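The values are calculated or read from the model by the stated rules, or taken from the named source; none is laboratory data. Everything quoted here is computed from the prediction, not taken from an experiment. For neighbour counting, all protein chains shown are included, and Cβ atoms are generated from backbone atoms with ideal geometry for every residue, glycine included. Quick note on the areas: whole protein, heavy atoms, side chains included, nothing else; ligands and nucleic acids left out. Shrake-Rupley method; radii C 1.70, N 1.55, O 1.52, S 1.80 Å.
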There are 2 protein chains.
Amino acid sequence: MVQKSKRPPVTKIDAPVPPKRRGRPRAYEPDVALGKALELFRKDGFAATSLDDLSAATGMNRPSLYGAFGDKRELFIKSYRRYRDDARAAMADVFRNELPIRKRLERIYAVALDIYLESGPRGCFTVMTAASEAVHDPDIRAMVLEGFGELDKAFAACFRLAKQKGELSGSADPTVLAQLASATIHTIAIRSRAQVPRKELEAIVNGAIDVMLRA
Amino acid sequence: MVQKSKRPPVTKIDAPVPPKRRGRPRAYEPDVALGKALELFRKDGFAATSLDDLSAATGMNRPSLYGAFGDKRELFIKSYRRYRDDARAAMADVFRNELPIRKRLERIYAVALDIYLESGPRGCFTVMTAASEAVHDPDIRAMVLEGFGELDKAFAACFRLAKQKGELSGSADPTVLAQLASATIHTIAIRSRAQVPRKELEAIVNGAIDVMLRA
DNA sequence: GGAATTTTTTGCGAAATGGTACAAAAAAGT
DNA sequence: ACTTTTTTGTACCATTTCGCAAAAAATTCC
């Protein structure tokens, strides 16, 4: 048998190929279910979200939930990972786009605010998780710290580039500025959760940008 | 009756006067019980702290707890109020002390870090509460917002004074700087909760102070 | 000493919680 | 048609949870 006979006819990277699974077909799409779970966890936090709530929101009954995602903690972690992937994707473009530093920062914060305020002020899931679960669960803590680190690094890269392009004074320290930029992310994440209106949050952001760029 | 006859014999403000209560004496001191409750809430958050936990920690059984502080939510609110009172008291001195601005900020952040890191990294209760309960409970949200507002105002007063004393450039905006100072509080509160070591938090603080004072 | 008052203690109960066992259902393979 | 495989749906379990009622204990007032 020189030639593989069952090769499928040149689907690109065969992503949406129905793979002819064997047993009863799933009644849900794991991705949208995970999205619903994330919504709930973001709204109420880990402890206040019951499996019944999750079951109702996803349309899956508890055994199915369990089979698909593991126990509550695993589901939380998978939801969190999903959040981070989404947030990272949303940020990626705007971070990549090498606009003048001021414009760049403005856009970054605008995207962040979109995330924090969408469908009710949900805040930043990383911050929420840090405040609650990260203390007790080492795995979750590691993810949270990774999130903070990534953000710091991304901001630092922005400031380094800006400095290199002469948009920043020579005495400016990209690392320090990055931490301040992250701090500004954190403060709007928290305040948004306490339902501070977007206008005020934007004012905070603009003030912070002014100070950072003048430094 | 010119002279009040039943005036008590000059106890200063009769604080530790046993008031001869009528029934069975309490087996606990409400203040220390509330302190224990606060400890628990700070460690685990509202939802993950059960009345049994609180009962065990305070030494009061559930009905006594209930009688003394009301239901779980009320107990949480009273614990939170206690936290705010304590934190405010701790900050009051250092905020009042009109040192040169840099020294003053350093001390403020040192006190904050003491609070956030005492007995395990507990973070800032206001930030924790904002992240979880403030979304759903208007009363709690009001307290949280009040907390943020107070902090912003206290920092603003610092910067106003500093500017007046010529320690700050004329272009510096005390309100904006105050929000950045609060943001720095928030970022170390969150990061401390994720167990970032004190050294790193102090580095963040020092960098932030540098930028704020150079602005 | 007895009544009044306040708190503690015990114990109940109804609901919710996380998790699981097991049969029925729905598909593919033979 | 029958078996295999996978998922669903129902029901259940043990535990925990919050809250409360009612009795017992400890104290002051008369």
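A cut-off under 15 angstrom between Cβ atoms defines the neighbours of B:Ala203, and their net charge, with Lys, Arg +1 and Asp, Glu -1, is -3. Within the straight-line cut-off of under 15 Å between alpha carbons, the aspartates and glutamates reachable from A:Lys72 are A:Glu39, A:Asp44, A:Asp52, A:Asp53, A:Glu133, A:Asp137, A:Asp139, sequence neighbours fewer than 8 places apart in one chain being disregarded. Take B:His136, push a point 7 Å out from Cα through the beta-carbon direction, and compare it with the same point in every other copy: 1.6 nm, smallest first. Each copy carries a label point for A:Gly70 at 7 Å from Cα along the beta-carbon vector; from one copy to the others these points are 4.1 nm apart, nearest first. Considering only B:Ile185, B:Ile204, B:Ile140, the Gaussian network model of chain B with Cα springs below 10 Å gives its largest mean-square fluctuation to B:Ile204. Chains B and A together bury roughly 3300 Å² of accessible area, counting both sides, with a 1.4 Å probe on protein heavy atoms only.
Lys and Arg at +1, Asp and Glu at -1: add these up for the other residues within a Cβ distance under 15 Å of B:Lys165 and post the number. Walk me through the intermediate numbers first.
On the way: positive: B:Arg102, B:Lys103, B:Arg104, B:Arg160, B:Lys163; negative: B:Glu98, B:Glu167.
Here the count lands on +3.
Farthest towards the positive end of the charge dipole of chain A, among the residues A:Ile140, A:Thr187, A:Ser55, is the Cα of A:Ser55, using unit charges on the Cβ of Lys, Arg, Asp and Glu. Pairs to check: A:Lys78/B:Lys43; A:Lys153/B:Lys165; A:Lys36/A:Lys103. Give those whose C-alpha atoms are more than 32 Å from each other in this structure. Pairs exceeding 32 Å: A:Lys153/B:Lys165; A:Lys36/A:Lys103.
Within 10 Å of each Cβ in B:39-47, how many Cβ atoms from other chains are there, averaged over the peptide?
Values: counts 0, 0, 0, 1, 2, 4, 9, 4, 7.
Partner Cβ neighbours, averaged per residue: 3.
With the label put 7 angstrom out from Cα along the Cα-to-Cβ vector, A:Asp31 ends up 6.0 nm from the copy partners, going from closest to farthest. Phi-derived couplings, Karplus 6.51 cos²θ - 1.76 cosθ + 1.60 at θ = phi - 60°, listed residue by residue for region B:106-115: 4, 5, 4, 5, 5, 4, 4, 4, 4, 5 Hz, with x used for Gly and Pro.
Shape annotation for the protein assembly as shown: C-alpha extents along the principal axes are 114, 61, 35 Å, from largest to smallest. Got a sec? Charge dipole of region A:107-215, +1 on Cβ for Lys and Arg, -1 for Asp and Glu; which of A:Met212, A:Met128, A:Val176 is way out at the positive end? Positive-end residue among those listed: A:Met212. The angle between the Cα long axis of helix B:30-44 and the main principal axis of chain B comes to about 50°, on a 0 to 90 degree scale.
Dipole magnitude for the protein assembly as shown: computed about the Cα centre from +1 point charges on Lys and Arg Cβ and -1 point charges on Asp and Glu Cβ, it is near 440 debye.
Largest GNM mean-square fluctuation across A:Arg26, A:Arg160, A:Arg62, computed for chain A with C-alpha springs under 10 Å, falls on A:Arg26.
When you look at the Cβ of every residue in B:113-125, what mean number of other chain Cβ atoms sits within 10 Å? Before the final figure, lay out each step's value.
Values: counts 0, 0, 0, 0, 0, 0, 0, 1, 2, 1, 5, 2, 1.
Mean inter-chain Cβ contacts per residue within 10 Å come to 1.
When chain A is treated as a GNM with alpha-carbon contacts under 10 Å, the residue of A:Ala178, A:Ala27, A:Ala189 showing the greatest mean-square fluctuation is A:Ala27.
If you take the square roots of the eigenvalues of the alpha-carbon gyration tensor of chain B and sort them as a ≥ b ≥ c, do you get rounded (a/c under 1.5), prolate (a/b over b/c) or oblate?
Numbers: a/c = 2.52, a/b = 1.47, b/c = 1.72.
Oblate, because a/c is 1.5 or more while a/b does not exceed b/c.
Value of Rg to Rh for region A:75-127, rounded to two decimals, is 1.03; Kirkwood radius and Rg both from alpha-carbon coordinates.
Counting only DSSP H runs of at least 4 residues, each contributing -39500 (n - 2.57), and dividing by the residue count of the protein assembly as shown, the helix-based mean residue ellipticity at 222 nm comes to -22500 deg cm²/dmol. Mean partner shielding of peptide A:135-145, defined as the number of other chain Cβ atoms within 10 Å of each residue Cβ, is 3.
Where does the charge balance sit around B:Glu39 when Lys and Arg score +1, Asp and Glu -1, over other residues with C-beta under 14 Å from its C-beta?
Values: positive: B:Lys36, B:Arg42, B:Lys43, B:Lys78, B:Arg82, B:Arg122; negative: B:Asp31, B:Asp44, B:Asp53, B:Asp86, B:Glu118.
That sum, taken over residues with Cβ under 14 Å, equals +1.
Charge dipole of chain B (Cα centre as origin; +1 on each Lys and Arg Cβ, -1 on each Asp and Glu Cβ, all else neutral): 960 debye, rounded to the nearest 20.
For region A:182-215, no residue has its backbone nitrogen under 14 Å from a point 7 Å from the Cα of B:Lys153, taken along Cα to Cβ. The residues of chain B present an accessible area of 53 Å² per residue when probed at 1.4 Å with all protein chains retained.
When the accessible area of chain B is computed with all protein chains present and a 1.4 Å probe, what percentage of it is carbon and sulfur?
Ligands and nucleic acids excluded, carbon and sulfur reach 53 percent.
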